[in-house]
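In what follows, a single structure is set out as structure tokens and then discussed.
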Amino acid sequence: MARRNVNDLLAFLAVARERSFTKAAAGFGVSQSALSHTVRQLEERLGIRLLTRTTRAVAPTEAGERLLERIGPHFDQIEIEVDALNELKERPAGTVRIVAPDYAINNVLWPKLKTFLPKYPDIKVELLLDNGLTDIVTERYDAGVRMGEQLAKDMISARIGPDFRFAVVGAKSYFADRPVPRTPRDLTQHDCVNYRFPSSGTLYAWEFEENGREMKVHVDGQLVFNNIFHVLDAALAGRGLGYVPEEIAVPHVAKGRLQRVLEGWSPYWDGYHLYYPSRRQSSPAFVALVEALRHRK
């Protein structure tokens, strides 16, 4: 059907439903005379009168009533489907890929995603565990998670977690025949569970603070992991002292499974941030996710 015929039919439907050229013209944003001319052309092409016009009213003829009943619902359905497409376009949808450390995924991202995802069923979130300093641009991730002090200056970032600190912990069985360390330097005489950075391959030097000054201690032991939760598991098993985020250690300390030492020496670190390239064209899905993850005090 030619586009002109479609427009003429829409004009007829508007007049037939409003029973008025004046009201229908206002809805179309055209003059009454122009609308009347459009309907008259349609009647001439079809060779049948569709509307009965009087000085006071407009009403469909028998043919007009039949046309109104037969084609009106189809045009209504088209309008409904177009509106549905607009709603779909405006509703956040798509996949967001984020690379993050194990602790950040478990204790920062996942608790917020559990409430976010049910609200946005058309958004998919892919979390990739990587404890290294991954290049998100090269690896084609949408965003990454790092502590604030590790952020590159050319990235946009949003804080997603509070400041936090680590805790030195050991099982009661570990301390059964060993002295409790009094200073970080005493750790060199203990069996400690090491953590290796996947990106650099180096062992993490445990970081402390003494009178406002940073202190790093290189520890030794039988076990090395590149997953912080494995470090915690080893400490719980009495295989050595572990240096893990305070949040995952405290519940075990409260239940007596672990003993915390050197608490006053552990500094607070800048919390986790979601970061992404400044040139990224943020989709509605990405914007909605960033807002949901954003840390609010």
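The values are calculated or read from the model by the stated rules, or taken from the named source; none is laboratory data. The model shown is predicted, which means the values in this text are computed figures rather than measured ones. Glycine gets a Cβ as well: all are built from the backbone with ideal geometry, and neighbour counts include every protein chain shown.
Consider V253 carefully, then state whether it is out of contact with any Phe, Trp or Tyr (no Cβ under 8 Å at 6 or more places or on another chain), modelled with pLDDT under 95 and either in a loop (DSSP other than H, G, I, E, B) or over 18 Å from A104 (Cα atoms) (or both).
Details: out of contact with any Phe, Trp or Tyr (no Cβ under 8 Å at 6 or more places or on another chain): yes; modelled with pLDDT under 95: no; either in a loop (DSSP other than H, G, I, E, B) or over 18 Å from A104 (Cα atoms) (or both): yes.
So V253 fails the test.
Could you give me the residue pairs with C-beta distances under 7 Å whose first residue belongs to the range 215-240 and is outside the structural domain of N107 (by TED's automatic domain parsing) and of a type in the set (G, A, S), whose second residue is assigned to a helix (DSSP H, G or I) and crowded, with 16+ Cβ neighbours inside 10 Å wherever it lies, and which are 6+ apart or on separate chains?
Pairs found: G238/Y174; G240/Y174; G240/A234.
Taking the residues in the range 103-141 that are among the aromatic types (F, W, Y) and out of contact with any Pro (no Cβ under 9 Å at 6 or more places or on another chain) as candidates, determine which candidate is modelled with the lowest pLDDT.
First pass over the range 103-141, keeping only residues among the aromatic types (F, W, Y): 103, 110, 116, 120, 141.
Narrowing the set further to residues that are out of contact with any Pro (no Cβ under 9 Å at 6 or more places or on another chain) leaves 110, 116, 141.
On the way: W110: 96, F116: 96, Y141: 88.
Going through the qualifying residues, I end up with Y141.
Which strands (runs of 3 or more DSSP E) does the range 106-215 wholly contain that include 2 or more residues that are closer than 22 Å to D233 by Cα?
Numbers: elements: 123-129, 143-147, 155-159, 166-171, 206-210.
Of the strands (runs of 3 or more DSSP E) lying wholly inside the range 106-215, those with at least 2 residues that are closer than 22 Å to D233 by Cα span 123-129, 166-171, 206-210.
List every residue pair whose Cβ atoms lie under 8 Å apart, where the two residues are 6 or more positions apart in sequence or sit on different chains, the first residue falls within the range 127-144 and is free of Cβ contacts under 8 Å to residues at least 40 places away in the same chain and more than 10 Å from P277 (Cβ to Cβ), and the second residue, located anywhere, is assigned to a loop (DSSP other than H, G, I, E, B) and among the charged types (D, E, K, R).
Between residues of the range 127-144 that are free of Cβ contacts under 8 Å to residues at least 40 places away in the same chain and more than 10 Å from P277 (Cβ to Cβ) and residues that are assigned to a loop (DSSP other than H, G, I, E, B) and among the charged types (D, E, K, R), there is no close pair.
Kindly list, by first and then second residue, each pair from a residue in the range 26-43 that is of a type outside the set (F, W, Y) to a residue that is not in a helix (DSSP H, G or I), limited to pairs with Cβ atoms under 6 Å and residues at least 6 apart or on different chains.
From the range 26-43, the pairs are E43/R49; E43/L50.
Just for the range 33-48: of the residues that are modelled with pLDDT of 85 or more and in contact with a helix residue (DSSP H, G or I) (Cβ under 6 Å, 6 or more places away or on another chain), which one is surrounded by the fewest Cβ atoms within 10 Å (Cβ to Cβ)? Break it down stepwise before answering.
Step one: of the range 33-48, the residues modelled with pLDDT of 85 or more are 33-34, 36-48.
If we keep only those that are in contact with a helix residue (DSSP H, G or I) (Cβ under 6 Å, 6 or more places away or on another chain) too, we end up with 36, 38-39, 42, 48.
Working: S36: 18, T38: 20, V39: 23, L42: 20, I48: 13.
It comes out as I48.
Exactly one of (1) touching a His at 6+ places or on another chain (Cβ under 9 Å); (2) surrounded by 15 or more Cβ atoms within 10 Å (Cβ to Cβ); (3) farther than 27 Å from G148 by Cα is unmet by V169. Its number?
Evaluating V169 over (1) touching a His at 6+ places or on another chain (Cβ under 9 Å); (2) surrounded by 15 or more Cβ atoms within 10 Å (Cβ to Cβ); (3) farther than 27 Å from G148 by Cα leaves (3) as the failure.
Does V290 satisfy the condition of being crowded, with 16+ Cβ neighbours inside 10 Å, more than 23 Å from L109 (Cα to Cα) and either of a type outside the set (D, E) or free of Cβ contacts under 8 Å to residues at least 60 places away in the same chain (or both)?
Details: crowded, with 16+ Cβ neighbours inside 10 Å: yes; more than 23 Å from L109 (Cα to Cα): no; either of a type outside the set (D, E) or free of Cβ contacts under 8 Å to residues at least 60 places away in the same chain (or both): yes.
Taking the combined requirement at face value, the residue does not satisfy it.
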